[in-house]
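Peer 1: I have a structure I would like to understand better, so I am pasting it below and will then ask my questions one at a time.
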C-alpha cells in the first residue's frame, strides 16, 4: 500500500515578514478583493539599518492585512492573507 502523505487544498495563503522591524504597507493596497501578482511588493519591513521588501510568492487576491501599519513584527510573523488564484 503506497502512502503519498496528506493532500491539502486550501485557497488561503499567508504572507510573512522576511525580517524583524516595523511594517509599512505598500501605498494603495487596502484590504478587500485586490489582485496580487507573484513577486509583487506588498509592503516593507523597516529596522535601524535596512528597508526590506515584503513580496508575495503567490498570485491571487488580497484578503486582509494581518499587521497594522507601523506595527513591530518579528521575522515570519503574518503580514497579510490572500486567496490563491484559481
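The values are calculated or read from the model by the stated rules, or taken from the named source; none is laboratory data. Predicted model only: the values in this text are computed from it and were never measured. Cβ: placed from backbone, ideal geometry, glycine included. Neighbour counts: every protein chain shown.
Peer 1: Somewhere in region 52-61, is a residue assigned to a loop (DSSP other than H, G, I, E, B), without any contact (Cβ under 8 Å) to a residue 12 or more places away in the chain and out of contact with any strand residue (DSSP E or B) (no Cβ under 7 Å at 6 or more places or on another chain)?
Peer 2: Within region 52-61, the first condition is being assigned to a loop (DSSP other than H, G, I, E, B), and the residues that meet it are 56-59.
Applying the additional criterion that residues be without any contact (Cβ under 8 Å) to a residue 12 or more places away in the chain yields none.
Taking every residue of region 52-61 in turn, none turns out to be assigned to a loop (DSSP other than H, G, I, E, B), without any contact (Cβ under 8 Å) to a residue 12 or more places away in the chain and out of contact with any strand residue (DSSP E or B) (no Cβ under 7 Å at 6 or more places or on another chain).
Peer 1: Of the conditions (1) under 12 Å from the mean Cα position of the chain (by Cα); (2) farther than 20 Å from residue 85 by Cα; (3) at pLDDT 95 or above, residue 26 clears all except one; give me its number.
Peer 2: Answer for residue 26: the failing condition is (3).
Peer 1: Taking into account only those residues within region 34-51 that are at pLDDT below 95 and outside any loop (DSSP other than H, G, I, E, B), which is nearest to residue 20 (Cα to Cα)?
Peer 2: If we take residues in region 34-51 being at pLDDT below 95 and outside any loop (DSSP other than H, G, I, E, B), then 36 is nearest to residue 20 (Cα to Cα).
Peer 1: From the set of residues in region 52-62 that are under 10 Å from the mean Cα position of the chain (by Cα) and surrounded by 13 or more Cβ atoms within 10 Å (Cβ to Cβ), which is nearest to residue 23 (Cα to Cα)? Can you show your working first?
Peer 2: So in region 52-62, the residues under 10 Å from the mean Cα position of the chain (by Cα) come out as 54-58, 62.
If we keep only those that are surrounded by 13 or more Cβ atoms within 10 Å (Cβ to Cβ) as well, we get 54-56, 58, 62.
Values: 54: 9, 55: 12, 56: 15, 58: 19, 62: 17 Å.
Ranking the qualifying residues of region 52-62, first place goes to 54.
Peer 1: Condition check: assigned to a strand (DSSP E or B) and modelled with pLDDT under 95. Does residue 86 satisfy that? Spell out the reasoning first.
Peer 2: Details: assigned to a strand (DSSP E or B): no; modelled with pLDDT under 95: yes.
No: the conditions fail for residue 86.
Peer 1: Evaluate the following for residue 71: is it under 14 Å from the mean Cα position of the chain (by Cα) and surrounded by 11 or more Cβ atoms within 10 Å (Cβ to Cβ)?
Peer 2: On the way: under 14 Å from the mean Cα position of the chain (by Cα): no; surrounded by 11 or more Cβ atoms within 10 Å (Cβ to Cβ): yes.
Judged against the criteria, residue 71 is not a match.
Peer 1: Residue 18: under 23 Å from residue 83 (Cβ atoms), outside any strand (DSSP E or B), modelled with pLDDT of 95 or more and out of contact with any helix residue (DSSP H, G or I) (no Cβ under 6 Å at 6 or more places or on another chain), yes or no?
Peer 2: Values: under 23 Å from residue 83 (Cβ atoms): yes; outside any strand (DSSP E or B): yes; modelled with pLDDT of 95 or more: yes; out of contact with any helix residue (DSSP H, G or I) (no Cβ under 6 Å at 6 or more places or on another chain): yes.
Yes: the conditions hold for residue 18.
Peer 1: In region 77-86, is there at least one residue being without any contact (Cβ under 8 Å) to a residue 60 or more places away in the chain and surrounded by 11 or more Cβ atoms within 10 Å (Cβ to Cβ)?
Peer 2: yes
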